[in-house]
1. Would a scan of region 418-435 turn up a residue that is aliphatic (A, V, I, L, M), more than 14 Å from ligand 1 (Cβ to nearest atom), touching a residue at least 40 places away in the same chain (Cβ under 8 Å) and surrounded by 19 or more Cβ atoms within 10 Å (Cβ to Cβ)?
2. Restricting to region 187-229, count the residues that are within 16 Å of ligand 1 (Cβ to nearest atom) and of a type in the set (Val, Ile, Thr).
3. Let me confirm something: among VAL243, VAL253, which residue is without any contact (Cβ under 8 Å) to a residue 12 or more places away in the chain, more than 19 Å from the chain's Cα centre (by Cα), over 18 Å from ASN186 (Cα atoms) and more than 14 Å from ligand 1 (Cβ to nearest atom)?
4. Please enumerate the residues belonging to region 71-116 that are among the charged types (D, E, K, R) and within 13 Å of ligand 1 (Cβ to nearest atom).
5. Could you please give the count of residues in region 138-179 that are under 20 Å from the mean Cα position of the chain (by Cα), away from ligand 2 (no atom under 16 Å from the Cβ) and assigned to a strand (DSSP E or B)?
6. Given the condition in a helix (DSSP H, G or I) and farther than 24 Å from LEU114 by Cβ, answer yes or no: does some residue in region 327-344 qualify?
7. Kindly evaluate ALA238 against the criterion of being away from ligand 1 (no atom under 15 Å from the Cβ), within 22 Å of TYR161 (Cα to Cα), of a type in the set (Gly, Ala, Ser) and under 21 Å from the mean Cα position of the chain (by Cα).
Amino acid sequence: MRDGINEKYIDEEKQGEALHLAEPEKEGLKKLYLESYGCQMNFADSEIVASILLKNGYTTTQQMEDADAIFINTCAIRDNAEQRVRARLKNFKPLKDKKPELVIGVLGCMAERLKKRFLDEEKLVDIVAGPDAYRDLPNLISEAESGQRSVNVFLSREETYADISPVRLDGNGISAFITIMRGCDNMCSFCVVPYTRGRERSRDMQSIIAEARDLFEKGYREVTLLGQNVDSYKWKNAGEENVISFAKLLEQVALIHPDLRVRFSTSHPKDITEEVMQVMVAHENICNYIHLPVQSGNSRILEIMNRTYDREWYLNRINMIKSYVPNIGLSTDIIAGFCSETEEEHQDTMKLMNEVVFDYAYMFIYSERPGTPASKNYADDVPEDVKSRRLQEIITLQRDHSLQRNQQDIGKTFKVLVEGYSKRSDEMFKGRNDQNKMIIFPKGNFKKGDYVNVVVKECNSATLHGEVISA
Ligand code: SAH
Ligand code: SF4
Ligand code: F3S
């Protein structure tokens, strides 16, 4: 369970891990050591970065001591995400001292937020590149090699990297992310993303389908379509009148092959449509799982968060979703201790959790981000100890709910996609069911990428354990 420190969706153990190619390092190429922090979209961007640099004479390495370039793809969502990057940069200092020609680049959301200030504040950094500037990296590297420190934080209204096929880093060869849109226009008052990733834009539908098909042909069996707000995906093919909605895109991806599972993230409660649910119902390979961030269960707080829905609207959307798929897997994001949140308003969040009973939640303490509407308009006035206590209460309640929801699965059989060995044992495989729950089971004669039917025997709040009954 996340504790408010970790970023969402990406396993804690992957944060900051060296991302590398599956094939062995090639001789004679320059070596890139690449680390990523933050959300799935940042990890997907790292695959774009690697793809661009691979075409420019680089290979990846897991040994930072061997690197010619160290790139760190950063997150700015909460202060602790940034502190972590600052601490990490200190570890690179001895390497740079030993090898002054080593190029150190900071990419991603924190680079975009701090811009040139990064160069002033962190003397060892040579390159600062924002999320829309990755095509420029080869130039920025050349400049750095000639001794010039440089910044490109230009935010684009068009860039979607549609034509760049990402190299897959560190993957299991079974599931992959596909970015379908970039940026965000929602302006939730607490959130830095609209400033670090710029305006919302959708990626060419054909390039998304082609990428998904290519993955399937390479043996992948699951794709997750990514965007800050996937429901507002829109694309118009040249010469055609009709606008392609997210529901249409989802359907097209699902039609590639029945053995290709399709997931998506993130949905916004204000935009999720019945059309999406109808498409989900119509296609068995679209997973019955929705991540629908609520942030707070209190309507006044939601209003000052500028989420543009209230408590009733959110609960109504949950009912709509369940009316289509009663056994849907549901997860959410919750912020504890937003500006001026009272004890009763915090209780409203807990009550909403009790009404919905989410399978899973990502829970955070409110962290004021410079430049956001909340930082300008509202005082960050809930004392730290109160914020922590509220977060703890939310986490405890969620743990209880996750356990409850998992216990309801005991005795049920699920179709599971085998993702690989479980963390703890070579005799066990892990894989997720349709509702996104991780199930551990004896590996038998199965292999990665197989679909197996697993009956759940026992559980804790985080995982289900079961046995394969048939393939
Ligand atoms: N577009 C995604 C959000 C990405 S940010 C969405 O709407 O779900 C992921 C989560 O981080 C948010 O849902 C929110 O719960 C949390 N978050 C964002 N800004 C925050 C802040 N300033 N302090 C604490 N949590 C924050
Ligand atoms: Fe941030 Fe809101 Fe956009 Fe999500 S929808 S990225 S929380 S502004
Ligand atoms: Fe993602 Fe963090 Fe940026 S959550 S969009 S990497 S601020």
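The values are calculated or read from the model by the stated rules, or taken from the named source; none is laboratory data. Treat the numbers as computed from the prediction; the structure is a model and nothing was measured. Note that we place each Cβ from the backbone using ideal geometry, even for glycine, and neighbour counts take in every protein chain shown.
1. Let us first name the residues in region 418-435 that are aliphatic (A, V, I, L, M), namely 418, 428.
Next cut, more than 14 Å from ligand 1 (Cβ to nearest atom) only: 418, 428.
Subsequent filtering for residues that are touching a residue at least 40 places away in the same chain (Cβ under 8 Å) retains 418.
Keeping just the survivors that are surrounded by 19 or more Cβ atoms within 10 Å (Cβ to Cβ) gives 418.
Checked against the condition, which is being aliphatic (A, V, I, L, M), more than 14 Å from ligand 1 (Cβ to nearest atom), touching a residue at least 40 places away in the same chain (Cβ under 8 Å) and surrounded by 19 or more Cβ atoms within 10 Å (Cβ to Cβ), region 418-435 yields at least one hit.
2. 4
3. On the way: VAL253 fails: without any contact (Cβ under 8 Å) to a residue 12 or more places away in the chain.
Matching residue, one of VAL243, VAL253: VAL243.
4. Of the residues in region 71-116, the ones among the charged types (D, E, K, R) are 78-79, 82, 84, 86, 88, 90, 93, 96-99, 101, 112-113, 115-116.
Scanning region 71-116 gives ARG78, ASP79, GLU82, ARG113.
5. 5
6. yes
7. On the way: away from ligand 1 (no atom under 15 Å from the Cβ): yes; within 22 Å of TYR161 (Cα to Cα): yes; of a type in the set (Gly, Ala, Ser): yes; under 21 Å from the mean Cα position of the chain (by Cα): no.
Here the answer is no, as ALA238 does not meet what is asked.
Okay, residues lined up against (1) in contact with a Pro (Cβ under 9 Å, 6 or more places away or on another chain); (2) among the hydrophobic types (A, V, I, L, M, F, W, C):
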site	(1), (2)
MET41	yes, yes
ASP66	no, no
PHE71	no, yes
GLN83	no, no
ARG113	yes, no
VAL128	no, yes
LEU140	no, yes
